[in-house]
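Visitor: One structure follows; several queries about it will come next.
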Amino acid sequence: VAEYERPEDATEGAIIRNRKRLFLSPGPKELPNPIAEMAANPLEPITLLGVKDPDWGYDGTRVHVFFTEKPDAESYQVWVAAYPDGRGAVPLAKMVRSGGVVGSLRPAMKLYLWVTYSTRAQADRPSQASRPSNRLEIELVDAFGQK
């Protein structure tokens, strides 16, 4: 036995209306890929070694990033993306040496890191940027029990 709120809900027309589906959107526009664009930069990449959790208050939103350093580097940029090919990558941290902290991350989500560096401008050449380092996949855990 089926009960209907209105008599017209028991007709074929109600079944047809129920089976109609909205059109799917074509999806988001293609995200820019700064990592692929930086592959043409003139300077050799550095090596991204790994990450380390902070010593206190580890809530999955911050991490120390370690990489090899170059003597002529003025600053290092840590790029973070949700896609392994670098689509949508953004520079989240700028640091002067390895071991700095990157914040504003999300726990329980796969993220991908790259590091680039920039050189100081000289009298005979402008500042240059490096190619991206190797990719590092991370998935942080919210392990801060004092909330």
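Visitor: Restricting to segment 132-147, name every residue that is open to solvent by less than 60 Å² (accessible area, probe 1.4 Å) and in contact with a Leu (Cβ under 8 Å, 6 or more places away or on another chain).
Guide: S133, L136, I138, L140
Visitor: Taking segment 110-139 as the search range and keeping residues that are assigned to a loop (DSSP other than H, G, I, E, B) and at pLDDT 95 or above, which one is farthest from K70 (Cα to Cα)?
Guide: Among those residues, the one meeting the criterion is R135.
Visitor: Let me ask you something else. Within segment 1-53, how many residues are assigned to a loop (DSSP other than H, G, I, E, B), of a type in the set (D, E, K, R) and open to solvent by 90 Å² or more (accessible area, probe 1.4 Å)?
Guide: Here the count works out to 8.
Visitor: Can you find a residue that is within 22 Å of the chain's Cα centre (by Cα), over 25 Å from G99 (Cα atoms) and either open to solvent by less than 50 Å² (accessible area, probe 1.4 Å) or not aromatic (F, W, Y) (or both) anywhere in segment 64-72?
Guide: Within segment 64-72 (the criterion being within 22 Å of the chain's Cα centre (by Cα), over 25 Å from G99 (Cα atoms) and either open to solvent by less than 50 Å² (accessible area, probe 1.4 Å) or not aromatic (F, W, Y) (or both)), the answer is no, since none of the residues qualifies.
Visitor: Within the group P91, P107, which residue is modelled with pLDDT under 95 and either surrounded by 12 or more Cβ atoms within 10 Å (Cβ to Cβ) or in a strand (DSSP E or B) (or both)?
Guide: Testing whether each residue is modelled with pLDDT under 95 and either surrounded by 12 or more Cβ atoms within 10 Å (Cβ to Cβ) or in a strand (DSSP E or B) (or both) leaves just P107.
The values are calculated or read from the model by the stated rules, or taken from the named source; none is laboratory data. Quick caveat, the model's predicted, so the values are computed rather than measured. Please note: Cβ atoms are built from the backbone with ideal geometry, for glycine as well, and neighbour counts cover all protein chains shown. Just the protein is used for accessible areas: all its heavy atoms, side chains included, with ligands, DNA and RNA removed. Shrake-Rupley method; radii C 1.70, N 1.55, O 1.52, S 1.80 Å.
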